[in-house]
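The values are calculated or read from the model by the stated rules, or taken from the named source; none is laboratory data. Please read all numbers here as calculations on a predicted model, not as lab measurements. Note that each Cβ is placed from the backbone with ideal geometry, even for glycine, and that neighbours are counted across all protein chains shown. Ligands, DNA and RNA are excluded from the accessible area calculation, which covers all protein heavy atoms including side chains. Shrake-Rupley method; radii C 1.70, N 1.55, O 1.52, S 1.80 Å.
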Amino acid sequence: MEVEIPESDINQAVRYELVNLKGERILRGEGRVADLKAELNSRVGNLATGIYIIRVFSTSQTYTTRLLKN
């Protein structure tokens, strides 16, 4: 499974959190976009089947999307 994080610069510092539909934080991390993509993609494979919300925070914007794990 591959998670895409929108980016304008792969060296931009961001942080992310992954929450379940109950609002419980499952994962979180921070660093450069390029590093977080690899980290998040490796960790998503271990999640239980379900729907999750990914939020990515940069200095100028917040990106939110759903993730369906089969």
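For Asn20, only one of the following conditions fails: (1) open to solvent by 20 Å² or more (accessible area, probe 1.4 Å); (2) free of Cβ contacts under 8 Å to residues at least 24 places away in the same chain. What is its number? Single failed check for Asn20: (2). If you go through the stretch 17-58 and keep only what is of a type in the set (Phe, Trp, Tyr) and farther than 13 Å from Lys69 by Cα, you end up with just Phe57.
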